[in-house]
Structure formats: C-alpha cells, structure tokens
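Step one of this worksheet: look at the structure below.
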Amino acid sequence: MFSCIPIRLAPNIEKDKLVKAKKFKRDLPRKYGFVFEDPKDSDEFYKFINAKYDLGFINVESNIPVSIDNNTYFLSFYERERVSKTINLIPIAIDAGLKSKGNSTILEDAHTSRTGHWYLILIVTDNSLKDCLNPNYPNQNKIIEYLRDLKKEYLTTHNYIETVLKRND
C-alpha cells in the first residue's frame, strides 16, 4: 500500500527543454519555448532582463531585441508555476477510522498536498514573427546556444549591477 497517490506532477527539467509552449501551459502562445526551472524568487528574471538590456522597466517581458550572429531577434519570456498534487492515504485512513467511531476528523488539511515549481519559458521570434525555436528554423541551434548562455548568466548572477558592468565591457 502506498501512502500517497500522485494526481498531477510538475515536470522535472534538470537543465532545459524545448517544448511547445502551449502544451506546457495553456495560456502561452503556440510557439516553441525554451523552458527551465527557476530556483530564484519571483520577478528575479524580470529584474535581470531589465538590467541586462537596459530597458528602464518598459516592455521588459516581451519583444526584447537581441542580437544573435548579427541578426536581430525578439525575446519574450513567461514565468509560470506547475504544481504537483498528491492524495495522502494515511491521513484519509486515520480520519475514516475516527469518523466510523463517531469522532470528528482531525487531518482533513493533510488529505492532499501541493508543491509548486516555477519555470521560465523563453520564446524567440524574428522580424517576420516566425518561431525561431521551431526545429525547422535555420538558426535554431545558435539561438538555443544564446538562450543557454543567457540562462547560465542569470543563474550565476546575484547582483544585477554585474550585468550592467558586463554590458559596458
């Protein structure tokens, strides 16, 4: 007998993954997304991108012009939570036993548990609004390489003033 039954599992993305964004979360566009788990606090990527590209807190989440291999692309990002939810059988069994003896239940709050994981989904388009992460896109590999470098810089940067200094080098 198991003590819990998973109902919904958040994906385990160790490094990064290229997925259809809409399949990852329904409210996202029908484009491919570069997805990775975000271990930092909420809005940290927003602050990082704002500092890195000197956006002045204007249009920070969408259509940020980036130069990759002498071409201009437009980066948009989304921060989304995916939740793992389980049914916990032991508290349910204890409460059922108490209820069958005419007592009130005491573990109702423990019948289910939820844990959330936050993910960043990056989408890149070109001037024609083509999906640059689509496997058929000509520069897809260079764009993914750029996004991996961006992810690495984000995860290793603790003070976003560093990004301004790197930009000015």
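Points to keep in mind about this one:
- Highest to lowest packing among 121-129, 60-68, scored as the average C-beta count within 10 Å: 121-129, 60-68
- Taking amide H atoms as placed 1.01 Å from N in the peptide plane, the amide H of Gly33 lies under 5 Å from those of Val19, Lys20, Ala21, each 5 or more residues away in sequence or on another chain.
- Residue-count net charge about Asn141 - beta-carbon cut-off 14 Å; Lys, Arg +1, Asp, Glu -1: -2
- Tensor-based shape of the range 21-137 (alpha-carbon gyration tensor, a/c under 1.5 rounded, otherwise prolate or oblate): prolate
- Probe 1.4 Å, all protein chains present, accessible-area order of Arg148, Arg82, Arg30, largest first: Arg30, Arg148, Arg82
- Rolling a 1.4 Å probe over the protein heavy atoms leaves Lys17 with an accessible area of roughly 110 Å².
- Whichever lysines have a C-alpha closer than 26 Å to that of Lys47, once near sequence neighbours (fewer than 8 apart) are set aside: Lys15, Lys17, Lys20, Lys22, Lys25, Lys31, Lys142, Lys151, Lys152, Lys166
The values are calculated or read from the model by the stated rules, or taken from the named source; none is laboratory data. Since the model is a prediction, treat every value here as computed from it, not as a measurement. In this analysis, Cβ positions are derived from the backbone assuming ideal geometry, glycine residues included, and neighbour counts consider all displayed protein chains. Note: accessible area is taken over every heavy atom of the protein model, side chains too, but ligands, DNA and RNA are not part of it. Shrake-Rupley method; radii C 1.70, N 1.55, O 1.52, S 1.80 Å.
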